Amino acid sequence: MEAILLEYAWVLVVLIILEGLLAADNAVVMAVMVKHLPRVQQRKALFYGLLGAFVFRFAALFMITFLVDIWQIQALGAAYLLFISIKNIIDQRKNNHNDAKVKKGKQSGFWMTVLKVELADIAFALDSMLAAVALAVTLPEIGDFDIGGINGGQFSVMLLGGIIGLIIMRFAARQFVVLLEKYPTLETAAFLIVGWVGVKLVVLTLSHEKLQIIDTAFPHSTLWKSTFWIVLVGIALRGYLSGVRKVRKKRVG
């Protein structure tokens, strides 16, 4: 029994690290969505948005064996992220020719922002849960009861890992908001990252077992994972360096 508990603890640690990595790109999306709100409302929007996300993920865990067969969920998530990425980049370029008052009038209100945060997290949720399932099912079963078609012990590890992942995302998102406030030009880079994450969901959709337009193993290959993170870090680094240069120019000027 001690060996089994040690194995559970090890998988939980790995799952927390995995959730932390997945939370990094999720947090960028959350940050750019709440950035236009006053500081107090930013925190509330992140709290309410992630509270709704937790409820969704908890419910989805009970239906995971059903949800994994619906490739359309991933497709809708990919379309949503690509849409907000392209739309916001286009809006930013238009707003460069408008005054601040007009720009402010186009921003979403508090509850609409909360809804957007929840929708974005739902788009990420299936990817995160599938990764959790892949790890959890490798564990020996504990007990003689199942939840959502998954052993109760394995389900508990998935749930705990998911909760910790949401907590990491909440604080990471707040730090990204602070960074965006310090370097406003990072916003364009952030929306490019949102679009790149959308591409990630497109790859997952095309590799779904019911479509198999590309190899089902490709999204989990070292080649794709390396490519994804190299491009993501490259976008973030270029945006950060560009922001630092502009801030220095303003100080000199």
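The values are calculated or read from the model by the stated rules, or taken from the named source; none is laboratory data. Nothing here was measured: the structure is a model prediction, and the numbers come from that model. Don't worry about glycine lacking a Cβ; one is built from the backbone with ideal geometry, like all the others, and counts go over all protein chains shown. These area figures cover heavy atoms from the full protein model, side chains too; ligands, DNA and RNA do not enter into them. Shrake-Rupley method; radii C 1.70, N 1.55, O 1.52, S 1.80 Å.
Tabulated results
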| quantity | calculated |
| --- | --- |
| Total residues in segment 60-74, condition of a type outside the set (A, V, I, L, M, F, W, C), in a helix (DSSP H, G or I) and modelled with pLDDT under 70 | 1 |
| Number of positions in segment 198-229 that are of a type in the set (V, I, T), part of a loop (DSSP other than H, G, I, E, B) and modelled with pLDDT under 90 | 1 |
| Some residue of segment 168-175 being closer than 28 Å to E7 by Cβ, open to solvent by 40 Å² or more (accessible area, probe 1.4 Å) and under 21 Å from the mean Cα position of the chain (by Cα) | yes |
| Residue match in segment 88-107 (condition: at pLDDT 75 or above, within 26 Å of K225 (Cβ to Cβ) and open to solvent by less than 50 Å² (accessible area, probe 1.4 Å)) | yes |
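Each row is one residue, and each column tells you yes or no for (1) of a type in the set (G, A, S); (2) at pLDDT 80 or above; (3) part of a helix (DSSP H, G or I).
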{"site": "I16", "(1), (2), (3)": "no, no, yes"}
{"site": "G20", "(1), (2), (3)": "yes, no, yes"}
{"site": "D25", "(1), (2), (3)": "no, no, yes"}
{"site": "F47", "(1), (2), (3)": "no, yes, yes"}
{"site": "L50", "(1), (2), (3)": "no, no, yes"}
{"site": "F58", "(1), (2), (3)": "no, no, yes"}
{"site": "L76", "(1), (2), (3)": "no, no, yes"}
{"site": "L81", "(1), (2), (3)": "no, no, yes"}
{"site": "S85", "(1), (2), (3)": "yes, yes, yes"}
